[in-house]
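For reference, the structure is listed below as structure tokens.
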């Protein structure tokens, strides 16, 4: 079966712009989480969605937002991009939140110039 | 902050067992221990998870001490493709719910 699909794979944006990243979970998975990975901070949790509702949220500014659609696909948006937002953004899906394993996508590499 | 500590790096000879330790001394009774690995430029890959009993699957074995303060991931016959960063994670309760907190992990190098 298809894995977690993230689009686009690579993206270059300019400071001040906004960006939207997309994640399609594994079929049947209803929970989607987003992570940011940078060389300095490692993997950091952004937020988790289940049944179109944000269930968990990490310590990121309000410029980072997300949503989930009725088909469980999720998008995350970063507004007013800063150079420090350059990172690999990873999406992970699971049947539902709690103690289940998560399957990660290959990520979207965002470069802000 | 991550609730686990791992050695920053380890080497293992190809074909030998790789034993990756993890300390999680503040784990609470209902928190699971998860192991993921990340091969360069890819997303983390789920390996195994457990609560208090030892677990085994097609990829690895997880040995959890009786007091649950530490665990060991065992790759029984390491191959070059097992070279990766291995993360030991305790699912942390957060003000907003629960989420994974990744530490820096252990960089495992499997040597020919």
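Neighbour counts of other Cβ atoms within 10 Å put B:71, A:106 in the fewest-to-most order A:106, B:71. Counting only other chain Cβ atoms within 10 Å of each residue's Cβ, the peptide A:45-53 averages 2. Three principal axis extents of the range B:18-63 based on alpha-carbon atoms, in descending order, are 34, 21, 18 Å.
Be a star and scan the range A:45-69 for residues whose amide nitrogen sits under 19 Å from the point 7 Å along the Cα-to-Cβ vector of residue A:80. Those under the cut-off are A:59-66. Note on the protein assembly as shown: percent of Cα-Cα distances in each 5 Å bin, starting at 0 and stopping at the bin with the largest distance, equals 1, 7, 14, 18, 19, 17, 12, 7, 4, 1, 0.
When each of B:37, A:63 is scored by the number of other beta-carbon atoms lying within 10 Å, the sequence from fewest to most is A:63, B:37. At 37 °C and 0.692 mPa s, what whole-number value in µm²/s does Stokes-Einstein give for the translational diffusion of the range A:17-88, with Rh from the Kirkwood sum over Cα pairs? So the translational diffusion coefficient is about 260 µm²/s. Computed from the Kirkwood radius of its Cα pairs, the Stokes-Einstein diffusion coefficient for the range A:64-113 at 25 °C and 0.890 mPa s stands at 194 µm²/s. Note on chain B: Cα Rg divided by 2.2 N^0.38 Å, N the number of residues, gives 1.02.
The numbers here are math on the coordinates, done by the rules we state, and not lab data. Small disclaimer: the values here were computed from a predicted structure and weren't measured. So basically every Cβ, Gly included, is an ideal-geometry build from the backbone, and we count neighbours across all protein chains shown.
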